[in-house]
1. Could you check how much of the accessible area of the chain is carbon and sulfur, as a whole percent, using a 1.4 Å probe?
2. Have a look at Leu388, Val313, Phe434 and report the one farthest towards the positive end of the charge dipole of the stretch 278-462, computed about the Cα centre with Cβ charges (Lys/Arg +1, Asp/Glu -1).
3. Would you list, by chain and number, the lysines whose Cα falls below 17 Å from the Cα of Lys198, excluding same-chain residues fewer than 8 positions away?
4. Taking 7 Å along the Cα-to-C-beta vector as the label spot, tell me the Val522-Ile355 distance in nanometres, rounded to one decimal.
5. Rolling a 1.4 Å sphere over the protein heavy atoms, what is the accessible area per residue of the chain, to the nearest Å²?
6. Can you work out the FRET efficiency for the pair Ser492 and Phe152, with r the C-beta to C-beta distance and R0 = 25 Å, to the nearest 0.05?
7. Provide the net charge surrounding Thr451, with neighbours chosen by a C-beta distance below 13 Å and charges set as Lys +1, Arg +1, Asp -1, Glu -1.
8. For the stretch 441-530, which chymotrypsin sites (Phe, Trp or Tyr not before Pro) pass both filters: DSSP loop (anything but H, G, I, E, B) and at most 15 other C-beta atoms within 10 Å?
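The values are calculated or read from the model by the stated rules, or taken from the named source; none is laboratory data. Since we're looking at a predicted model, the values are computed, not measured. Backbone-built Cβ (ideal geometry, glycine too); neighbour counts: all protein chains shown. Note: accessible area is taken over every heavy atom of the protein model, side chains too, but ligands, DNA and RNA are not part of it. Shrake-Rupley method; radii C 1.70, N 1.55, O 1.52, S 1.80 Å.
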Amino acid sequence: MTETQATDATEPTRTEPTQTKQTPAEPTQTEPTPAEPTQTEVLRSLDPVTGAVVGEWPVDNADTVRAAVEQARIAAEGWRELGFAGRKKALLRWNSRLVADADEFTALIHRENGKPLEDAYLELLLALEHIDWAARNAEKALAPEKVAPGMFMANHEAVIERPPLGVVGVIGPWNYPVYTPNGSIAYALAAGNAVVFKPSEYTPAIGHYYADAFAAANPELPPGVLTVVNGYGATGAALVESGVDKIAFTGSTPTGKKIMAAAAATLTPVLLECGGKDAFIIADDADIPAAADAVAWSAMANSGQTCVGTERVYVDERVYQQFLAELQNKLQGIEPGSDERASYGPMTMPAQLDIVRSHIEDALAQGGRAVVGGPDSVRAPFIGPVVLVDTPESSRAVQEETFGPTVTVRSVAGIDEAVELANGTEFGLASTVFSRQHGMAIARRLRAGATSINAPLSFAAISALPFGGVGASGIGRIHGADGLREFTRTHSIARQRFVIPGMALLSFSRKSSTVAMIKQIVRLRHGRHA
Ligand code: NAD
């Protein structure tokens, strides 16, 4: 923290966590300020194409973050007491508010993140579906569950309860600034928690708009059920150390590791949704034009800035040439831009342009070839589609998350080789398989949190399916019943209903004759299996 910010601690400059609507500044043409976020008092978000200022917010420091968490803790009590039915009503009202304001909201998403309006609308649609699912299914997924007490505890009632944790800190990225944090926020709220949300420093206006809609839809709620704090990494780090009951983070793997290390100091549990290097397997019985269409879209949409976007393709050698020709064909006319004709938008985070360029150059230096685009496709703030072939598996373009509109394509001898290579990175987020006959069998062999068969990314749009990765892709799950349970504390309760005379095993009054009888029962029960 800088000295200026330390002084600010006595005079908080952060937006009050009252969820009052802060209108983003009208776009004005200004010189693009340096993209590198530095810890200053003001967080200024910019249109990634024009550099115009979208909005400005005071940066939250450790004190103001802690104040927000304290306020959330008070609000959490009332929110929990509303019960499933009350929370469902509030969440569904939030949805209706977001729908009513959809044009304004999607225009803001387009402006601050850069993605085309239609893509912004589809992102909002997915968030609405998840809010709805979480609201309607929380009671079923989290209601107290009676379980069998077992033979030796037959005089007990055994119940699993899943109360909320209290206050959940959510730290979000910029690439899907509504859909990704919503996967934690909607589920945490539906489970009965209050949430303090730190949006990405690249998309704070979107974060505020989303949270303000919740407050506007539910004016009777006290402030603090859903609060936004503003800032860069330091504000996120302050949230991790603020005493929240869980941190739900979506972002890069290196940041996820830092958060987990910091959370270890207080044993604060973490949910980490990190990076990916998703593979796409095409079997020789696949519908090749459909597979090419799915690769083109899942690799290039959102300018490749999709955690579950396709980055590597493994194609059976018998259909490799046909697939490559189809893919080249599908990518003709696919162009980034900022108008309504654009297939996808700019790179939201300027620093990512250099990473994407370096992956392309590394692949070419190691003997790869670009069959669509190349290094010249990087024309800030846009990157045209790039398809690389003959890229060694050890190259950065195959092993590291590129997060741009590029894809590597490799011919393989068959499914065994495809599966081995697909499983050959440290990541394990999602995957896609195209095969008419063997999709399920291939999917089961993939080390990933999710797989789509014969369609791109479809698991992400099915609210009941949990979402998350393994390995360097993260820990825990959002979405579905698992996603609700992530934000609860499992509480096991055993209640003795009656006393069985002479059977007090957990007491110093226990008799040896009782133990002798138990031994006989144990022999009968567990000793008969050869
Ligand atoms: P990032 O890791 O740079 O930042 C994510 C968030 O963490 C931001 O809000 C940032 O301010 C905050 N942060 C940074 N340092 C911090 C620290 N030390 N302590 C606490 N918070 C800190 O990621 P990004 O560039 O915003 O997002 C892109 C990444 O997110 C990609 O790797 C992508 O794959 C990943 N992602 C994953 C998923 C998923 O569901 N698995 C979804 C979307 C994006």
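1. Details: 12530 of 23040 Å².
Summing carbon and sulfur atoms, their accessible area is 54 percent of the total for the chain.
2. Phe434
3. Lys21, Lys246, Lys258
4. 5.6 nm
5. Working: 23040 Å² over 530 residues.
Ligands and nucleic acids excluded, the figure is 43 Å² per residue.
6. Values: r = 16 Å, r/R0 = 0.66.
Calculated transfer efficiency: 0.95.
7. Numbers: positive: Arg444, Arg445, Arg447; negative: Asp278.
Result for the local shell: +2.
8. Details: sites: Phe459, Phe467, Phe487, Phe498, Phe508; in loops: Phe487, Phe498, Phe508.
The qualifying sites are Phe498, Phe508.
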